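> This is the structure I have questions about; it appears just below.
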Amino acid sequence: MKIFTKIFALCFIVVALVSSSCRRSNNSKYFYDAKKDTSAPKINISVPLLNDTYGYGEDIHIVGTVTDLQVSGFGGKLQSLNIQVDELDNLDSVFIKTLLLKTPDVDAKEGYTFNEKMLIFAGANPTFCRLEVKATDYSSKTTRDTVYFKIQ
């Protein structure tokens, strides 16, 4: 009976030590920590290019990537992404209306590739547009990138 008790106690101690060593603390390098997040999201708009011109009835593709790092080499967490195309009364001027508004689900992702499409069949010649992409991470750092283009 004494040997059974000793073996049971030894097994219990081993299990307790192994389980406590497997637990991660909030200080673990594998957990995202918004307080240590020193990097704002990065936006790269591939299409459209600045001052591109499209024809009415032509597909307008909106393509790019958003990435977020907590610190160099360590992934962060995106909280939100807004992709918006507004019509302006002339290039880089007064807002008329929103033509496209997308808010993809990027919650807790390190990166996201967006690929949207819009089409305007007809309009006043030319239609000036502003594409604005806005990304926010969980440390409340926000980045915006803007591209102007027109449709005629």
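> Points 7 angstrom from Cα along the Cβ direction at N90 and T103: gap in nanometres?
Computed distance between label sites N90 and T103 equals 3.4 nm.
> Under a Cβ-only charge scheme (Lys and Arg +1, Asp and Glu -1), can you give me the dipole magnitude of the stretch 29-151 about the Cα centre, in debye to the nearest 20? Present the calculation step by step, with values, prior to reporting the outcome.
Numbers: 14 positive and 17 negative charges, 84 e Å.
Magnitude of the dipole: close to 400 debye.
> While we're looking at this one, here's another question. Local charge sum around K134 (other residues, Cβ-Cβ under 9 Å, Lys/Arg +1, Asp/Glu -1)?
Numbers: positive: R144; negative: E132, D145.
So the environment of K134 carries a net charge of -1.
> Could I ask something else about it? Which pairs in the list K97/K150; K77/K97; K35/K141; K36/K141; K42/K97; K36/K109 are over 20 Å apart, alpha-carbon to alpha-carbon? Mind showing how you got there, number by number?
Values: K97/K150 14 Å; K77/K97 31 Å; K35/K141 11 Å; K36/K141 12 Å; K42/K97 27 Å; K36/K109 17 Å.
K77/K97; K42/K97, as the Cα separations exceed 20 Å there.
> A follow-up question, please. How many nm is it between the label spots at V63 and N51, if each spot is 7 Å from the Cα in line with the beta carbon?
2.3 nm
> Determine the gain in length on full extension of the stretch S80-Y148; use 0.36 nm per residue of separation and subtract their C-alpha separation, reporting nm with one decimal.
Length difference between fully extended and current span is 22.3 nm.
> If you don't mind, another one. Could you calculate the FRET efficiency of T38 with A122 from 1/(1 + (r/R0)^6), where r is the beta carbon distance between them and R0 is 41 Å, rounded to 0.05? Show your work: numbers first, answer last.
On the way: r = 48 Å, r/R0 = 1.16.
Step by step, r from the Cβ atoms, then E = 0.30.
Every number here is computed from the coordinates shown, using simple stated rules; none is lab data. Just so it is clear, the model here is predicted, and its values are computed rather than measured. Cβ sites come from the backbone with ideal geometry, for glycine too, and all protein chains shown count toward neighbours.
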